[in-house]
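The values are calculated or read from the model by the stated rules, or taken from the named source; none is laboratory data. Note that the structure is predicted; figures quoted are calculated from it, not measured. When we count neighbours, we look across all protein chains shown, and the Cβ atoms used for this are built from the backbone with ideal geometry, even at glycine.
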Amino acid sequence: MIYDEHDHTRTDHWVSLVLRAGMVLSMSVLLLGIVLYILSPGGSPEVDMSPGEIVNGIMNGNPIAVIDLGIILLILTPLTRVLTTLAIFIVDRQPRFVLASLLVLGIILAAIVLG
Amino acid sequence: MDLLLALGVIIIAILAGIVGSMFGIGGGIIIIPALTIALGLPIKDAIGASLIGVIATSTGAASRFVGQGIVNIRLGMILEPATAIGSMVGAVLAVYLDQYILSAVFAVLLVYSSYYMLRRPEAAVNDERCVEYLNCTYCDPVTKERVNYNVRNLGKGLLASFFAGNMSGMLGVGGGIVKVPAMNVWMGVPMRAATATSNFMIGVTALAGAVVLYANGLISPVLAALVALGVFAGTTLGPRVARRTAGPTLRRYFAVIMLGVAVLMLVKAAGFEVGI
């Protein structure tokens, strides 16, 4: 397999885009959550929330629910990045790297299931 | 959380973001001891916030370094499975191994690697045994020259990545601090590309741990949010400083950071609480 400048820059472009989007999204939501937290009268209790409670909480302007969403967005960023590289390697037909991406996804999944 | 404490957390996170993004080491090594010893926060909260901080460092730094074409994405993707498996094995082994002895051994290893990096200049390799599909190129922002480099010793690199995962699984530190020298010294990857590629990888290594902690309610939201925001601020600065720093200088600073981590590990081995 010969190194290809064009493939290389395209991969860089998409990966950079995904990472930047993840950063901007999670940062804005986290910032909003912190501002709401500071403004909330008497502070907000830091309780553990289920996905449903987070959705409800965001609708009610609960700062902790907004912060939780920001944290989830941040955690999802590297996962989306792996999925992006996987997609690019599939399109470019590079079995070695498809395998590596799948292996990483599998290990992450295993760690989550076992943990 | 009172205002002074929040301010302390943000300052620590900004520093961790700068140093972590400059050197590809995540910054957990700064966040955890600083939060626990300097601010007196519980270790459990510090670990969760630190994992979120590592993901933020990786995201913020890699988005810039990938955009500048410095990250070797293929090399990162090939090494990532070894690191991930290593950290799982490490987490299991941690139960059986003595943390103090482990810290001492790790410290000795760091001192040796640091000595090696300080004594020997970086040598470009034109090895026939290089792994052709991993060879890469980037434009150095300081010298303005295009750097083409060959990657060799993939086997050793995979082993080092596995070991790096082990260390982070067992001690909670050591991902980047092992991977960067391994890529640089063994695999022939220039320092700038090695640190950028490590930045790219660490987010994925921290991901599984972060999901597990989050699902178990072990991530304190406000603390984690402050750390993430501070780190993001830091990662806007770190890569800029790195851009102005010559590769060999970056390498020397890295060696000094390794010595600092070694000291921390020795303090831990001597039985003092350092939070990691």
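Brief remarks follow.
- Being of a type in the set (D, E, K, R), modelled with pLDDT under 95 and either out of contact with any Pro (no Cβ under 7 Å at 6 or more places or on another chain) or under 30 Å from A:ILE38 (Cα atoms) (or both) is a condition met by at least one residue of region A:77-95.
- The residue pairs whose first member lies in region B:219-242 and is on the phi < 0 side of the Ramachandran plot and touching a residue at least 60 places away in the same chain (Cβ under 8 Å), whose second member is among the acidic types (Asp, Glu) and surrounded by fewer than 24 Cβ atoms within 10 Å (Cβ to Cβ), and whose beta carbons are closer than 9 Å, counting only pairs six or more residues apart or on different chains, are B:ILE219/B:ASP45; B:SER220/A:GLU46; B:SER220/B:ASP45; B:VAL222/A:GLU46; B:LEU223/A:GLU46; B:LEU223/B:ASP45; B:ALA224/B:ASP45.
- Verdict on B:GLY230 being in a helix (DSSP H, G or I) and of a type in the set (Gly, Ala, Ser): yes
- When B:ALA215, B:ALA233, B:ALA242 are checked against the criterion of being touching a Leu at 6+ places or on another chain (Cβ under 8 Å) and among the small types (Gly, Ala, Ser), B:ALA242 stands alone in meeting it.
- No other residue among A:LEU17, A:LEU30, A:LEU74 is within 9 Å of chain B (Cβ to nearest Cβ) and surrounded by fewer than 20 Cβ atoms within 10 Å (Cβ to Cβ) apart from A:LEU17.
- Unique match (being surrounded by 12 or more Cβ atoms within 10 Å (Cβ to Cβ) and either more than 20 Å from B:GLU80 (Cα to Cα) or without any contact (Cβ under 8 Å) to a residue 12 or more places away in the chain (or both)) among B:ALA104, B:ALA164, B:ALA91: B:ALA104
- Per-region count, region B:167-191, residues in a helix (DSSP H, G or I), aliphatic (A, V, I, L, M) and in contact (Cβ under 8 Å) with a residue 40 or more places away in the chain: 8
- Filter result (more than 7 Å from chain A (Cβ to nearest Cβ) and polar (S, T, N, Q)) within region B:201-237: B:THR205, B:ASN216, B:THR235, B:THR236
- Residues that are under 18 Å from the mean Cα position of the chain (by Cα), surrounded by fewer than 17 Cβ atoms within 10 Å (Cβ to Cβ), within 30 Å of B:ALA91 (Cα to Cα) and of a type outside the set (S, T, N, Q) occur in region A:46-67; there is at least one.
- The combined condition, being in a helix (DSSP H, G or I), touching a residue at least 60 places away in the same chain (Cβ under 8 Å) and closer than 30 Å to B:ASN148 by Cα, is fulfilled by B:THR83.
- Index of the failed condition, A:THR80 passing every other in (1) of a type in the set (Ser, Thr, Tyr); (2) at the interface with another protein chain (Cβ under 9 Å from one of its Cβ atoms); (3) over 21 Å from B:ASP45 (Cβ atoms): (2)
Condition check ((1) modelled with pLDDT of 90 or more; (2) within 14 Å of B:GLY209 (Cβ to Cβ)) across all residues:
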position: B:GLY17; (1), (2): yes, no
position: B:SER21; (1), (2): yes, no
position: B:GLY24; (1), (2): yes, no
position: B:GLY28; (1), (2): no, yes
position: B:ILE32; (1), (2): no, yes
position: B:ASP45; (1), (2): no, no
position: B:ILE52; (1), (2): yes, yes
position: B:ILE55; (1), (2): yes, yes
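- Subset of region B:182-196 that is among the small types (Gly, Ala, Ser) and under 13 Å from the mean Cα position of the chain (by Cα) - its residue that is farthest from B:GLY157 (Cα to Cα): B:ALA196
- Subset of region B:167-213 that is at pLDDT 90 or above, touching a Gly at 6+ places or on another chain (Cβ under 7 Å) and β-branched (Val, Ile, Thr) - its residue that is surrounded by the fewest Cβ atoms within 10 Å (Cβ to Cβ): B:THR197
- Residue ID - farthest from B:MET88 (Cα to Cα), chosen from residues in region A:89-101 that are at the interface with another protein chain (Cβ under 9 Å from one of its Cβ atoms) and part of a helix (DSSP H, G or I): A:PHE89
- One residue from B:ILE37, B:ILE55, B:ILE30 being without any contact (Cβ under 8 Å) to a residue 40 or more places away in the chain and assigned to a helix (DSSP H, G or I): B:ILE30
- Any hit, region B:139-151, residues being within 22 Å of B:ARG252 (Cβ to Cβ), surrounded by 10 or more Cβ atoms within 10 Å (Cβ to Cβ) and modelled with pLDDT under 80: no
- Residue within region A:47-61 that is modelled with pLDDT of 95 or more and more than 10 Å from every other protein chain (Cβ to nearest Cβ) present: no
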